[in-house]
Amino acid sequence: MTRTQRRRLARAAAYAAAALLVALVVSRIDLDYAWDWGRFGRDWLGLLGKGLLLTLQVASAGLLLALPLGVVVGLCRTASDPGARLVGFVHVEVFRGTPLLVQIMIWYHVLARPLGLSTFGAAVAALGCFASAYIAEIVRAGVQGVDRGQMEAARSLGLSHWQAMRHVVLPQAVRAILPPLASEFIALLKDSSLASVIGFSELTYQTRAVQSGSFMTFEPWLTAAALYLAISLVLSLGVRLLERKLGGGAAQEAIR
Amino acid sequence: MSAAEGPASGGVLVDARGLTKVYPAAWGSGRPPVRALDGFDLTVTEGEIVCLIGPSGSGKSTALRALNGLEHPDAGTLRVLGHDLLDPELDMDLVRADVGMVFQHFNLFPHRTVLDNLTLAPVLVRGRPVDEARREALELLERVGIADKAGERPGRLSGGQKQRVAIARALAMHPRLMLFDEPTSALDPEMVGEVLEVMRDLAHRMTMVVVTHEMGFAREVATRVAFLDGGRVVEEGPPSGVLDQPRHPRTRAFLERVLVGRPRPTP
Ligand SMILES: Nc1ncnc2c1ncn2[C@@H]1O[C@H](COP(=O)(O)OP(=O)(O)OP(=O)(O)O)[C@@H](O)[C@H]1O
Ligand SMILES: [Mg+2]
């Protein structure tokens, strides 16, 4: 057997195994389940729509908080000032080192009252701070991936650290930062489902409400999954377009 | 204004005394710390062209980079353009704006056009109007012979062209002192000449400190050659002295090594 033949056989075996597994699972799904998309669409879909709206709101607000905060913290971690580096380090470790569910509980039960936060506010703060820790690491890696000589050349011309960062280093780091940033946006969107535990009636919360109100399970959960997936795909495509736009000109040359 | 911030006195642009710089060993490497500078002295007066030569690891780059604050010596005194570079209160950006630096690997900004490489600092740091900065940048590119590449990205240039752009970029800030760290070492041999030509031309109007292995250039252009070994200047003087009648055995050994295979200079 040649190498190509062996490889083809292995691939066929893998596909067959995967298909078998899916078939096994599907065959064991409750076939007697009484689908009723009609009733679901008429009586309950509206509630999911309301939840979807709040999911979009809390996720975008969380993103609006996470992005600038993450960039600032990430830049702090690359700063020469040891104080700034320490602040950045602590921020990342604290928000990355504890479960998001626990953080949401703390924002809601411990911090919401002294800070005057609504349920929405607590959810946004929790999601935003949590995601900012990951974004900070993405930004730091992107900045550190740019040749040190770029910063040195800019500083040698008299630019300040921040001028050099803004006009020389960051524009070159953007290409490396965008793809993992897209993953982080999607993670933030999905993580927003955890806000249901503090009674914030976003998509997951509403799906559970629909389940207990209608005694339907398949329709609401599959619909919720499809809705999350749809937003994720839009986010993915958006970032892909942005990448293409940036990649066409300047950044492409930068790689050479 | 205190004396420390006054203008360079008597045309002395660089006054380095007893500089030391120790790089701590990498953690857990088991190796001893490196004394990159160990009693480094150098004076450069206006109009001088000083070439730093010496074996690899002798501290040439560290010394040069100390002159514009890219490295911070641990001890000694260092005055550049009248500023005390070891004063923690000093605004280093002010000094750097007046000291040009040219790197071995060019370090052009790849995301900007050649022209924008030249105008970035004059506009941001000096606050020059954009159109004025552009006009002057084009003149500078003309002078180094690549005005036709103004709209290109650096990635499209040859090594020699890149280094000429890098020199023009530094000149766009109207520096009073230019530092070069092996500006031709990363170039294909056939491109060395065009860069040295630009530097030779510049030498008539600029004070320069040049780390180089180009002994021909040093002999022809330098007003003074300083030979470094072990982080200090062990011998310095006019090129005819240091390069042709070296007194220190280390200098002699070094020159014998780098001049091997090349025609012996005729004094
Ligand atoms: N950032 C650093 N960390 C640790 N050691 C360093 C660092 N920079 C330089 N050194 C060490 O300091 C010594 C002097 O280095 P330097 O680069 O100044 O030498 P050089 O004369 O420029 O050599 P070359 O001709 O190879 O460029 C060397 O032993 C080098 O390994
Ligand atoms: Mg060197």
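Exactly one residue among B:47, B:54 is crowded, with 23+ Cβ neighbours inside 10 Å, away from chain A (no Cβ under 14 Å), among the small types (Gly, Ala, Ser) and within 22 Å of residue B:221 (Cα to Cα), and that residue is B:54. Remark: pairs (first residue in segment A:13-40, modelled with pLDDT of 95 or more; second residue of a type in the set (Phe, Trp, Tyr); Cβ separation under 7 Å; 6+ apart in sequence or on different chains) are absent.
Scoring residue B:134 on the criteria (1) away from chain A (no Cβ under 11 Å); (2) closer than 23 Å to residue A:170 by Cα; (3) touching a Leu at 6+ places or on another chain (Cβ under 7 Å); (4) surrounded by fewer than 22 Cβ atoms within 10 Å (Cβ to Cβ) leaves a single failure, condition (2). Considering segment B:67-79, the residues that are within 13 Å of chain A (Cβ to nearest Cβ) and touching a strand residue (DSSP E or B) at 6+ places or on another chain (Cβ under 7 Å) include one that is farthest from residue A:162 (Cα to Cα), namely B:67. Only residues that are more than 34 Å from the chain's Cα centre (by Cα), open to solvent by 80 Å² or more (accessible area, probe 1.4 Å) and closer than 23 Å to residue A:216 by Cα were counted in segment A:6-35, giving 2. Residue pairs whose Cβ atoms lie under 7 Å apart, separated by 6 or more positions or on different chains, with the first residue in segment A:151-175 and more than 9 Å from every other protein chain (Cβ to nearest Cβ) and the second of a type in the set (D, E, K, R), are A:164/A:155. Taking the criterion of being within 13 Å of another protein chain (Cβ to nearest Cβ) and touching a Pro at 6+ places or on another chain (Cβ under 9 Å), would at least one residue in segment B:173-195 satisfy it? Within segment B:173-195 (the criterion being within 13 Å of another protein chain (Cβ to nearest Cβ) and touching a Pro at 6+ places or on another chain (Cβ under 9 Å)), the answer is yes, since at least one residue qualifies. Tell me which residues, restricted to segment A:150-171, are buried (at least 22 other Cβ atoms within 10 Å of the Cβ) and not hydrophobic (A, V, I, L, M, F, W, C). Those that are buried (at least 22 other Cβ atoms within 10 Å of the Cβ) and not hydrophobic (A, V, I, L, M, F, W, C): A:156, A:158.
Look at (1) away from chain B (no Cβ under 14 Å); (2) open to solvent by 30 Å² or more (accessible area, probe 1.4 Å); (3) at pLDDT 95 or above and you find that residue A:147 fails only one, number (1). I'd like the residue in segment B:90-107 that is part of a loop (DSSP other than H, G, I, E, B) and surrounded by fewer than 22 Cβ atoms within 10 Å (Cβ to Cβ) and, out of all such residues, is farthest from the other protein chains (Cβ to nearest Cβ). The residue in question is B:90. Taken over segment B:230-253, the criterion of being in a strand (DSSP E or B) and either surrounded by 19 or more Cβ atoms within 10 Å (Cβ to Cβ) or within 16 Å of ligand 1 (Cβ to nearest atom) (or both) is satisfied by B:232, B:233, B:234, B:235, B:236. Restricting segment B:1-23 to residues that are at pLDDT below 90 and under 18 Å from residue B:88 (Cα atoms) leaves a set whose member that is surrounded by the most Cβ atoms within 10 Å (Cβ to Cβ) is B:5. For segment B:50-77, filtered to residues that are in a strand (DSSP E or B) and within 21 Å of residue B:96 (Cβ to Cβ), the residue that is nearest to ligand 1 (Cβ to nearest atom) is B:52. Within segment B:59-80, being hydrophobic (A, V, I, L, M, F, W, C), open to solvent by 10 Å² or more (accessible area, probe 1.4 Å) and away from ligand 2 (no atom under 13 Å from the Cβ) holds for one residue alone: B:75. Filtering segment A:114-135 for residues that are of a type outside the set (Ser, Thr, Tyr), open to solvent by 40 Å² or more (accessible area, probe 1.4 Å) and under 23 Å from residue A:189 (Cβ atoms) leaves a non-empty set.
Do we have any residue at all in segment A:181-196 that's under 18 Å from the mean Cα position of the chain (by Cα) and either without any contact (Cβ under 8 Å) to a residue 12 or more places away in the chain or within 14 Å of chain B (Cβ to nearest Cβ) (or both)? For segment A:181-196, residues under 18 Å from the mean Cα position of the chain (by Cα) and either without any contact (Cβ under 8 Å) to a residue 12 or more places away in the chain or within 14 Å of chain B (Cβ to nearest Cβ) (or both): present.
Checked against (1) within 16 Å of ligand 2 (Cβ to nearest atom); (2) of a type in the set (A, V, I, L, M); (3) without any contact (Cβ under 8 Å) to a residue 60 or more places away in the chain, residue B:101 passes all but a single condition, namely (3).
Counting only residues that are more than 7 Å from chain A (Cβ to nearest Cβ) and of a type in the set (Gly, Ala, Ser), segment B:108-130 holds 1 of them. Mind checking whether some residue in segment B:23-33 is under 29 Å from residue B:184 (Cα atoms) and of a type in the set (A, V, I, L, M, F, W, C)? No.
The values are calculated or read from the model by the stated rules, or taken from the named source; none is laboratory data. Just so it is clear, the structure is predicted and the values come from calculations on it, not from any experiment. Using ideal geometry, Cβ is built from the backbone for each residue, glycine included, and neighbour counts are taken over all protein chains shown. These accessible areas exclude ligands, DNA and RNA; they are computed on the full protein's heavy atoms, side chains included. Shrake-Rupley method; radii C 1.70, N 1.55, O 1.52, S 1.80 Å.
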